[in-house]
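Notes to accompany the following structure.
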Amino acid sequence: SERTFIMVKPDGVQRGLVGEIMKRFENRGYKLVACKMCRPSQEHLEEHYRDLKSKPFFPGLITYMTSGPVVCMVWEGKEVVKMGRMMLGATNPLESNPGTIRGDFCIDVGRNICHGSDSVESGKRESSHWFKEGEIQEWKPAEFDWVYE
Ligand code: GTP
Ligand code: MG
C-alpha cells in the first residue's frame with residue numbers, strides 16, 4: 001500500500017513538536033512503518049532536495065536542514081501521500097489553513113517545521129533514500145479493520 005516520507009525538520013524538533021506531528025498521523029489512522037532521529041549530512045540533504053538545486057533559497061535551505069537533528073518517518077495507508085500533504089498544509093505557512101500542522105505551528109517558509117513527499121513516486125524514492133530496507137516494518141495494527149472498510 002501507499003507510503004509517504006514525513007520528516008520533522010530541525011526547528012520542529014527544537015520546538016518540541018515531534019509528538020504533536022506523529023499524533024496527527026496516528027490519530028488519522030495511518031500506520032507508522034519506520035521512524036528514527038538522525039543528523040543528515042549536507043550531501044544527503046542535497047540529494048533529498050535535488051530538484052531545488054537551482055533555487056535562490058537552496059543554500060539557506062541546506063544550512064537550515066543541517067542545523068540540528070531531524071526525525072524521519074514513513075507512514076503507510078490509503079492515499080497517504082496526498083492526505084499527508086493536506087495535513088502538513090501549504091509550503092508557505094502564511095498560506096497554510098489553520099488546522100493543518102504548518103497552519104497551527106509556524107509562520108516562515110524557511111522554518112516550516114515538517115516535510116512530506118509530494119508524489120507517490122517521491123514517497124518511494126525518499127523512503128529508500130532515508131531508510132534501509134530492514135528499517136521499514138511490515139505489520140498489521142490491531143485497529144486495522146476498524147479504520148478500513
Ligand atoms: P517540503 O515538504 O519540505 O519538500 O516542502 P514543499 O514540498 O511544500 O516545498 P518545496 O519542495 O517546494 O520546498 C522545499 C522546502 O524549501 C520548503 O519546505 C521550504 O522549507 C523551503 N522553501 C521553499 N520555497 C522557499 C522560499 O521561497 N524561500 C525559502 N526561504 N525557503 C523556501
Ligand atoms: Mg517538496
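Against the empirical 2.2 N^0.38 Å (N residues), the stretch 97-149 has a Cα radius of gyration ratio of 1.58. Note on the chain: with a GNM built from Cα contacts shorter than 10 Å, the maximum mean-square fluctuation among 27, 92, 112 falls on 27. Shown here are the Rg and Dmax of the Cα trace of the stretch 58-137, at 13.5, 39 Å.
So what's the back-of-envelope 222 nm ellipticity for the chain, counting only DSSP H runs of four-plus at -39500 (n - 2.57) apiece and dividing by all residues, rounded to 500? One gets -10500 deg cm²/dmol as the mean residue ellipticity at 222 nm.
Between the listed residues 129, 30, 61, the Cα displaced farthest toward the positive end of the dipole of the chain, a dipole computed from Cβ unit charges relative to the Cα centre, is found at 61.
Please list, by residue number, every one of the trypsin sites (Lys or Arg not before Pro) in the stretch 26-81 that is coil in DSSP and has at most 14 other beta-carbon atoms within 10 Å. Show your work: numbers first, answer last.
Values: sites: 28, 31, 36, 50, 53, 78; in loops: 53, 78.
Loop-located and lightly packed - 53, 78.
Rg/Rh for the chain (Cα atoms only, Rh after Kirkwood) is 0.95. Annotation: Cα Rg of the stretch 1-67 relative to the compact-globule expectation 2.2 N^0.38 Å equals 1.27.
Every read-out reported here was derived from the displayed coordinates using simple, explicitly stated rules and does not represent laboratory data. Quantities reported herein were computed from a predicted structural model and do not represent experimental measurements. Note that each Cβ is placed from the backbone with ideal geometry, even for glycine, and that neighbours are counted across all protein chains shown.
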